[in-house]
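Heads up, the thing below is written out as structure tokens.
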Amino acid sequence: MLRNLLVVLLVCAGQTAFAQGIYSWKDASGRVHYSDLPPPDATVRTVRQAPLAPSRPAAADSTQAAPQSYAEKELAFRKRRAEAAESEEKSRKNKATEDARERDCTEMRHQLAALESGQSFSRFDDNGERALLDENERSAEIERTRKAVERTCKQ
């Protein structure tokens with residue numbers, strides 16, 4: 001029984017092997033090639049026709065993409081990785097800029113609060129000596145600091 005089953009399997013397998021067509025063609029250097037699949041761009045001579053020849057896909061359909069080679073996949077992967085790194089770098093720079101703006105805003109608000117609280121402030125004059133701010137200078141400094149706060153802290 002096992003022997004009969006083995007014979008039937010071998011006969012079926014042999015028939016599928018013989019069912020394939022064999023094609024012959026010459027390349028640009030004049031060599032003759034034999035294969036079970038004909039090349040798409042050469043003049044082919046059929047050595048043995050298969051009863052059910054495998055159907056070759058027609059010209060590339062617009063709906064079906066051609067399979068990518070390893071090099072194309074690698075190139076696409078490297079491109080995606082470079083874009084991700086560039087995006088991450090841009091995000092990091094934006095975050096650093098935003099953090100610096102936030103620190104500046106906080107410092108200016110503290111300075112404005114100190115100016116408005118009435119504490120005495122001094123400034124260095126041209127000789128490098130400290131000079132206390134009078135009321136007019138304090139008002140001008142408060143106004144300048146308010147404008148800086150509005151510019152820096154908008155958002």
Which one is farthest from the chain's Cα centre (by Cα) among residues in the range 51-99 that are among the hydrophobic types (A, V, I, L, M, F, W, C) and modelled with pLDDT of 85 or more? Ala96
Where the second residue is surrounded by 12 or more Cβ atoms within 10 Å (Cβ to Cβ) and among the hydroxyl-bearing types (Ser, Thr, Tyr) and the first is in contact (Cβ under 8 Å) with a residue 12 or more places away in the chain and lies in the range 106-131, which pairs have Cβ atoms under 8 Å and are six or more apart or on separate chains? Met108/Thr145; Met108/Thr152; Gln111/Thr145; Leu112/Thr145; Leu115/Thr145
I'd like the residue in the range 129-140 that is out of contact with any Lys or Arg (no Cβ under 9 Å at 6 or more places or on another chain) and not in a loop (DSSP other than H, G, I, E, B) and, out of all such residues, is nearest to Thr152 (Cα to Cα). Ala140
Top-ranked residue in the range 122-141 [being surrounded by 14 or more Cβ atoms within 10 Å (Cβ to Cβ) and under 56 Å from the mean Cα position of the chain (by Cα); ranked as farthest from Thr106 (Cα to Cα)]: Arg138
Quick check: anything in the range 121-128 under 25 Å from Thr152 (Cα atoms), of a type outside the set (A, V, I, L, M, F, W, C) and at pLDDT 80 or above? yes
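The values are calculated or read from the model by the stated rules, or taken from the named source; none is laboratory data. Since the structure is predicted, the reported quantities are computational estimates derived from the model, not experimental observations. Note: ideal-geometry Cβ built from the backbone for every residue, glycine included; neighbour counts use all protein chains shown.
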